[in-house]
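> My questions all concern the structure below.
The values are calculated or read from the model by the stated rules, or taken from the named source; none is laboratory data. These numbers come from a predicted model, not from an experiment. No Cβ is skipped: glycine too gets one built from the backbone with ideal geometry, and neighbour counts run over all protein chains shown. These accessible areas exclude ligands, DNA and RNA; they are computed on the full protein's heavy atoms, side chains included. Shrake-Rupley method; radii C 1.70, N 1.55, O 1.52, S 1.80 Å.
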Amino acid sequence: MKLQQLRYIWEVARHELNVSHTAAGLHTSQPGISKQIRKLEEELGVEIFSRSGKHLSHITPAGVSILRAAGEIMQKVETIQAMSREFRDEESGSLAIATTHTQCRYVLPPVIREFIKKFPEVALHMHQGTPVQISELAVNGTADFAIATEAMELYSDLIMMPCYSWNRALLLPKSHPLTQVNELTLEKISTFPLVTYTFGFTGRSKLDEAFSKQGLSPRIVFTASDADVIKTYVRLGLGAGIVAKMAYDPATDQDLVAIDASHLFEPSITRVGFRRGTYLRSYMLDFIEMFAPHLQRNLVLEASSCQTPGELDELFGDVNLPLH
């Protein structure tokens, strides 16, 4: 059994059993990968992949267990490689972050600016996606960090640490009737068409819960994952917008009225996380602390040894989160 063979089966599984795409990604030949997979299966005496003609069709039950172990081995290999890079050069390498549009557009820019200034030799890669995509990118190692707010159940394989809490604002054209309301309530909001986030994005679940608790059915006429798209359709008069308060920019959104809606909704918490067993290089620890200053090195390293979400909750139970 060779390490290269384990890498091949792991990468083939990651590429949805497409050997051609795997070969292109690894800069090798498709026949070479197929040959090494066959050799490994012959040595082990079991099939890892079932086949339909010349194509891999699905992973066998034995293959599921073998791939799980291979993934653990590949992660340890990556850890060893990261350790060696750390000793060769502490301030060069790469950092990949998977997150949503709201984080990329409204929260991360000053952090990225500070990080680039301190670590100009570190290449940054930003991946935007849904909560499912973000979790998958972090779990399979494509991204070093996941930054997310929604669907924490998707991140059970990651160490997710609380960064900050945030709430919402109502965005309106200046002529909208709600701009004349003295006291904003969910009941008043629910009588108008609304434009907000797609379910599963940027704290949308808290919004739905708030209306549901009061027995209200909001008239949501348009949803998007991108706060800038939501603002575009608010400007077109499609409806009143409910967005993360940090997505309102007084400089660029002067044509809109923003009304604080924090009293109407439970705050949401944004978290940053990484795979269990990840070797955190010095600049990675620095990035986390730049993004969330209370997540200092000792606390992050202590969190990395937690085995369950309950242990993490206990560790961060007394932390006062900043408000965005």
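> Just to be sure before I move on: is residue 41 open to solvent by less than 30 Å² (accessible area, probe 1.4 Å), out of contact with any helix residue (DSSP H, G or I) (no Cβ under 8 Å at 6 or more places or on another chain), among the acidic types (Asp, Glu) and assigned to a helix (DSSP H, G or I) in the structure I sent?
In short, yes.
> Give the residue that is modelled with the highest pLDDT, with candidates limited to residues of the range 57-70 that are open to solvent by less than 30 Å² (accessible area, probe 1.4 Å) and out of contact with any helix residue (DSSP H, G or I) (no Cβ under 6 Å at 6 or more places or on another chain).
In this case the residue turns out to be 60.
> Then there is this: Going through the range 246-278 one residue at a time, which ones are open to solvent by 50 Å² or more (accessible area, probe 1.4 Å) and in a helix (DSSP H, G or I)?
Matches in the range 246-278: 263 only.
> When the range 171-195 is examined, which residues are found to be open to solvent by 20 Å² or more (accessible area, probe 1.4 Å), of a type in the set (S, T, N, Q) and closer than 22 Å to residue 247 by Cα?
175, 179, 185 - these are the residues of the range 171-195 that are open to solvent by 20 Å² or more (accessible area, probe 1.4 Å), of a type in the set (S, T, N, Q) and closer than 22 Å to residue 247 by Cα.
> Would you mind stating whether residue 91 is surrounded by 12 or more Cβ atoms within 10 Å (Cβ to Cβ), in contact with a helix residue (DSSP H, G or I) (Cβ under 9 Å, 6 or more places away or on another chain), modelled with pLDDT of 90 or more and of a type in the set (D, E, K, R)?
Here the answer is no, as residue 91 does not meet what is asked.
> For the range 1-37, which residues satisfy the criterion of being free of Cβ contacts under 8 Å to residues at least 40 places away in the same chain, surrounded by fewer than 15 Cβ atoms within 10 Å (Cβ to Cβ), part of a helix (DSSP H, G or I) and out of contact with any Ser or Thr (no Cβ under 8 Å at 6 or more places or on another chain)?
Of everything in the range 1-37, those that are free of Cβ contacts under 8 Å to residues at least 40 places away in the same chain, surrounded by fewer than 15 Cβ atoms within 10 Å (Cβ to Cβ), part of a helix (DSSP H, G or I) and out of contact with any Ser or Thr (no Cβ under 8 Å at 6 or more places or on another chain) turn out to be 4, 20, 24, 25, 31, 32, 35.
> Next question. Is the range 2-9 home to any residue that is at pLDDT 85 or above, under 15 Å from residue 69 (Cβ atoms) and hydroxyl-bearing (Ser, Thr, Tyr)?
Yes, the conditions are met somewhere in the range 2-9.
> Further question on the same structure: From the list 314, 302, 289, pick out the single residue that is part of a helix (DSSP H, G or I) and either open to solvent by less than 80 Å² (accessible area, probe 1.4 Å) or in contact (Cβ under 8 Å) with a residue 40 or more places away in the chain (or both).
Exactly one of 314, 302, 289 is part of a helix (DSSP H, G or I) and either open to solvent by less than 80 Å² (accessible area, probe 1.4 Å) or in contact (Cβ under 8 Å) with a residue 40 or more places away in the chain (or both), namely 289.
> For the range 116-126, give me the residue count where each residue is in a strand (DSSP E or B) and open to solvent by less than 40 Å² (accessible area, probe 1.4 Å).
1
> Anything in the range 44-54 that is open to solvent by 50 Å² or more (accessible area, probe 1.4 Å) and touching a residue at least 24 places away in the same chain (Cβ under 8 Å)? List them, or say none.
Residue satisfying the conditions is 44 alone.
> If you take the residues in the range 127-159 that are open to solvent by 20 Å² or more (accessible area, probe 1.4 Å) and touching a strand residue (DSSP E or B) at 6+ places or on another chain (Cβ under 6 Å), which one is modelled with the lowest pLDDT?
It comes out as 149.
> Still on this structure, please answer the following. Filter the range 157-197 for residues that are in contact with a helix residue (DSSP H, G or I) (Cβ under 7 Å, 6 or more places away or on another chain) and closer than 26 Å to residue 143 by Cβ and give the result.
Once the filter is applied, which keeps residues that are in contact with a helix residue (DSSP H, G or I) (Cβ under 7 Å, 6 or more places away or on another chain) and closer than 26 Å to residue 143 by Cβ, the range 157-197 yields 157, 158, 159, 160, 161, 163, 166, 197.
> In addition: Under 6 Å between Cβ atoms, at least 6 apart or on separate chains: pull out the pairs that start in the range 117-145 with a residue that is within 18 Å of residue 107 (Cβ to Cβ) and end on any residue that is assigned to a helix (DSSP H, G or I) and open to solvent by 60 Å² or more (accessible area, probe 1.4 Å).
Matching pairs, first to second residue: 131/154.
> Specify the residue that is surrounded by the most Cβ atoms within 10 Å (Cβ to Cβ); the eligible residues are those in the range 201-245 that are assigned to a loop (DSSP other than H, G, I, E, B) and free of Cβ contacts under 8 Å to residues at least 24 places away in the same chain.
Looking at residues that are assigned to a loop (DSSP other than H, G, I, E, B) and free of Cβ contacts under 8 Å to residues at least 24 places away in the same chain, I get 236.
> How about the range 127-165: which of its residues are farther than 28 Å from residue 9 by Cα and either of a type in the set (Phe, Trp, Tyr) or not in a strand (DSSP E or B) (or both)?
Listed by number, the residues that qualify are 149, 150, 151, 152, 164.
> If residue 283 satisfies all but one of (1) of a type in the set (Ser, Thr, Tyr); (2) under 26 Å from the mean Cα position of the chain (by Cα); (3) under 22 Å from residue 106 (Cβ atoms), what's the number of the condition it fails?
It is condition (3) that residue 283 fails.
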